[in-house]
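Peer 1: First, the structure itself, so that you have it in front of you.
The values are calculated or read from the model by the stated rules, or taken from the named source; none is laboratory data. Bear in mind the structure is a predicted one, so any value in this text is a computation, not a measurement. Cβ sites come from the backbone with ideal geometry, for glycine too, and all protein chains shown count toward neighbours.
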Amino acid sequence: MIPALRLDDVSFSYGTVPVLERLSFSVAPGERVALLGKNGAGKSTVVRLIAGLQRPSEGTVWVGDWDTRDCVPEQLAWRVGSVFQHADQQLFARTVRDDVSFGPRALGVGEREVERRTDRALEDLDLTAHAEQHPYDLPPAWRKIAALAGALALEPALLVLDEPTVGLDRALRTRVTRALLDRSAGSVALLVITHDLTFAAETLERGVVLDRGSLACDESLTGLLGDVTRLEPLGLAPPPVAALSAALDLPGRPVRAADAAAALARVARGRLAP
Amino acid sequence: MKSLTLDHASYWYAATDSSALRAVSLDVAQGEVVALVGALGAGASTLLLVAADLAPRVIGGRLEGSVSRHDRSGIVLPTPWTQVSGMAFTVWDEVAFGPANLGWPAHEIARQVDRALERLELVPLASRDPATLSGGELQRVIIAAILAMDPGLVLFDEPAAELDAEGAALLWRLIRLLAKEGKAILLATSALDALPDVADRVVWLEDGAVRAVGTPDLLAEGAACDAGLGTSVATVWRTGGLPAPYPLTVAHAVRGRR
């Protein structure tokens, strides 16, 4: 199977400032990958390369079987839905609904299909009540959600999201998790940049960690998030649930809240049993 | 000494009928860190705009009740990239922009800028063009730029949003240090797990009104957990059906087990 995304020995510099160095990894259809690392590690640059806004200095970024060097961004929108770090800057329509429907309409999928995709994306993210509002009348966190809805409405093979949960409360973060799990079950590949490792643990399965532009680690999140000694040198702090599991030595060292709660309940029952 | 006092403050954004804040009474003393928590849209950001004297003075709308400030305030917005002056080609000059506009003598500007850069660990980036910084680096620059103006009341809206683990840890330590130096701090954050180590008091906002005020222990109460405002550890405890009181942090959970 062709990966949804493959970076092949990719290097990139802004002028003389090197940002990425010989970076290689791939994401399979339906796979949920967290792109992690310190501030300035090059994560947002990866998003810009995948969206076709920058070209690699060396190496190749493959989106399916397309070399991004041969594609303009609007062509890549057939396969990639992106939410940028400062998602405010990607909203422009007068209503949230118009903004969300802009993408599929620009793809030319037909008005009825545009409507279906728009409604589904708005519903998935609980935005229906805000659909007729001006995006800039919404607080910044909701604007990010609106931008995410726009990316979902493209119904792309690959979603690339830069810090999608910034400023969201727990209910909305859960909503985003559910929407992304649902899309990934439909074999959409996810690449999500986040500092919110609690969200990563709930939503994603594999961690690709960048350190100063190079690949520092690529493995299952469950293993990585539970291992404090490995996280620290990578500039990551264990999310509280993983830290709790480790500190109490919960069986299976769960990193998701529901799993930890279940493990804790089992341990407590065991202790109360005669 | 109270730095900020709100007395039955209600606020309406321009052209809206429902109030974003409803009869909020709250004070923040010098040397104190007060954290605002709540669901999105509960009013925390609005309260900070009112505290900063931006609402209604700059953005319009209508205020009822009273707001009194003892100190000059500085606010770090949740969109730091919109706070860059655009007038500076280096991080140093960007951080100097605010103090320069306060009309301070050059040596005082330099002293405050150097100190703010050191505190945010930005000295190595001092000569960089702000336009080339990553999101987290830029967020630290904006925090430095606000602190360089030496406000007595510092208002933070999601200050850790763009920061990595090290940057966030640095920020939370710095906030405690600022309070120790006598500054009054009011912050809105969804980073609930940081608050036990950072906040003296937690104010729970719901639909624009104050629902509860307490120590960070408030974040281990069942009602807070059910509203999505419990710490991760307390929420796991409640979800697992274990008896209250719930531990607030991993350290509390470990202590409770021994």
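Peer 1: Can you name every residue in the range A:240-274 that is touching a helix residue (DSSP H, G or I) at 6+ places or on another chain (Cβ under 7 Å) and more than 7 Å from every other protein chain (Cβ to nearest Cβ)?
Peer 2: A:242, A:245, A:246, A:250, A:251, A:252, A:253, A:254, A:255, A:256
Peer 1: Which of (1) crowded, with 17+ Cβ neighbours inside 10 Å; (2) at the interface with another protein chain (Cβ under 9 Å from one of its Cβ atoms); (3) of a type in the set (D, E, K, R) does residue A:137 not meet, given it meets every other one?
Peer 2: Result: residue A:137 passes all but (1).
Peer 1: Just for the range A:1-26: of the residues that are assigned to a loop (DSSP other than H, G, I, E, B) and of a type in the set (A, V, I, L, M, F, W, C), which one is surrounded by the most Cβ atoms within 10 Å (Cβ to Cβ)?
Peer 2: Among residues in the range A:1-26 that are assigned to a loop (DSSP other than H, G, I, E, B) and of a type in the set (A, V, I, L, M, F, W, C), the one surrounded by the most Cβ atoms within 10 Å (Cβ to Cβ) is A:4.
Peer 1: I've got another one for you. Could you tell me which numbered condition residue B:81 fails, if it satisfies all but one of (1) closer than 25 Å to residue A:127 by Cβ; (2) touching a strand residue (DSSP E or B) at 6+ places or on another chain (Cβ under 9 Å); (3) modelled with pLDDT under 95?
Peer 2: The failed condition is (2).
Peer 1: Can you tell me which condition residue A:222 does not meet? The list is (1) in contact with a Pro (Cβ under 9 Å, 6 or more places away or on another chain); (2) within 14 Å of chain B (Cβ to nearest Cβ); (3) of a type in the set (Val, Ile, Thr), and all the others hold.
Peer 2: (2)
Peer 1: Can you tell me which condition residue B:123 does not meet? The list is (1) within 13 Å of another protein chain (Cβ to nearest Cβ); (2) touching a helix residue (DSSP H, G or I) at 6+ places or on another chain (Cβ under 6 Å); (3) β-branched (Val, Ile, Thr); (4) surrounded by fewer than 21 Cβ atoms within 10 Å (Cβ to Cβ), and all the others hold.
Peer 2: Every condition holds for residue B:123 apart from (1).
Peer 1: Which of the residues belonging to the range A:201-211 are touching an Asp or Glu at 6+ places or on another chain (Cβ under 8 Å) and either surrounded by fewer than 20 Cβ atoms within 10 Å (Cβ to Cβ) or among the basic types (Lys, Arg) (or both)?
Peer 2: Answer for the range A:201-211, where residues must be touching an Asp or Glu at 6+ places or on another chain (Cβ under 8 Å) and either surrounded by fewer than 20 Cβ atoms within 10 Å (Cβ to Cβ) or among the basic types (Lys, Arg) (or both): A:205, A:206.
Peer 1: For the range B:11-30, check the following and say yes or no: at least one residue is outside any strand (DSSP E or B) and under 16 Å from residue B:201 (Cβ atoms). Step through it out loud before you land on a result.
Peer 2: Going residue by residue through the range B:11-30, those that are outside any strand (DSSP E or B) are B:13-20, B:30.
Now narrow it down to the ones that are under 16 Å from residue B:201 (Cβ atoms): B:30.
Yes, the conditions are met somewhere in the range B:11-30.
Peer 1: Since residue B:98 meets every condition but one in (1) in a helix (DSSP H, G or I); (2) more than 21 Å from the chain's Cα centre (by Cα), which condition does it not meet?
Peer 2: Condition not satisfied by residue B:98: (2).
Peer 1: Tell me, yes or no, whether the range A:96-110 has at least one residue that is touching a residue at least 60 places away in the same chain (Cβ under 8 Å) and either among the hydroxyl-bearing types (Ser, Thr, Tyr) or assigned by TED's automatic domain parsing to the domain that holds residue A:197 (or both). Give the steps one after another, and end with the answer.
Peer 2: Just the residues of the range A:96-110 that are touching a residue at least 60 places away in the same chain (Cβ under 8 Å), to begin with: none.
Looking for residues that are touching a residue at least 60 places away in the same chain (Cβ under 8 Å) and either among the hydroxyl-bearing types (Ser, Thr, Tyr) or assigned by TED's automatic domain parsing to the domain that holds residue A:197 (or both), one finds none in the range A:96-110, hence no.
Peer 1: List pairs: first in the range A:158-187 and more than 13 Å from residue A:145 (Cβ to Cβ) and without any contact (Cβ under 8 Å) to a residue 24 or more places away in the chain, second of a type in the set (A, V, I, L, M) and surrounded by fewer than 21 Cβ atoms within 10 Å (Cβ to Cβ), Cβ under 9 Å, 6+ apart or cross-chain?
Peer 2: Filtered contacts from the range A:158-187: A:170/B:39; A:170/B:227.
Peer 1: Here's another thing I want to ask about it. Look at residue A:197 and say whether it is within 12 Å of the chain's Cα centre (by Cα) and under 24 Å from residue A:112 (Cα atoms).
Peer 2: So residue A:197 fails the test.
Peer 1: What's the total number of residues in the range B:203-258 that are facing another protein chain (nearest Cβ under 10 Å), hydroxyl-bearing (Ser, Thr, Tyr) and within 21 Å of residue B:185 (Cβ to Cβ)?
Peer 2: Residues that pass the stated criteria total 2.
Peer 1: Would you mind stating whether residue B:15 is modelled with pLDDT under 95, at positive phi and within 14 Å of chain A (Cβ to nearest Cβ)?
Peer 2: It is true that residue B:15 is modelled with pLDDT under 95, at positive phi and within 14 Å of chain A (Cβ to nearest Cβ).
Peer 1: So residue A:75 ticks every box in (1) farther than 23 Å from residue B:188 by Cβ; (2) modelled with pLDDT under 95; (3) buried (at least 22 other Cβ atoms within 10 Å of the Cβ) but one. Which box is left unticked?
Peer 2: Going through (1) farther than 23 Å from residue B:188 by Cβ; (2) modelled with pLDDT under 95; (3) buried (at least 22 other Cβ atoms within 10 Å of the Cβ) one by one, residue A:75 breaks only (3).
Peer 1: Would you confirm, using the coordinates I've provided, whether residue B:127 is within 30 Å of residue A:228 (Cβ to Cβ) and of a type in the set (S, T, N, Q)?
Peer 2: When the stated conditions are applied, residue B:127 does not pass them.
Peer 1: Would the range A:234-244 turn up any residue that is exposed (fewer than 15 other Cβ atoms within 10 Å of the Cβ) and either within 20 Å of the chain's Cα centre (by Cα) or not assigned by TED's automatic domain parsing to the domain that holds residue A:170 (or both)?
Peer 2: Within the range A:234-244, none of the residues are exposed (fewer than 15 other Cβ atoms within 10 Å of the Cβ) and either within 20 Å of the chain's Cα centre (by Cα) or not assigned by TED's automatic domain parsing to the domain that holds residue A:170 (or both).
Peer 1: To continue, here is another question. Go over the candidates A:29, A:56 one by one and state the one that is within 13 Å of residue A:158 (Cα to Cα) and either free of Cβ contacts under 8 Å to residues at least 12 places away in the same chain or not in a strand (DSSP E or B) (or both).
Peer 2: Just a single option satisfies the conditions, and that option is A:29.
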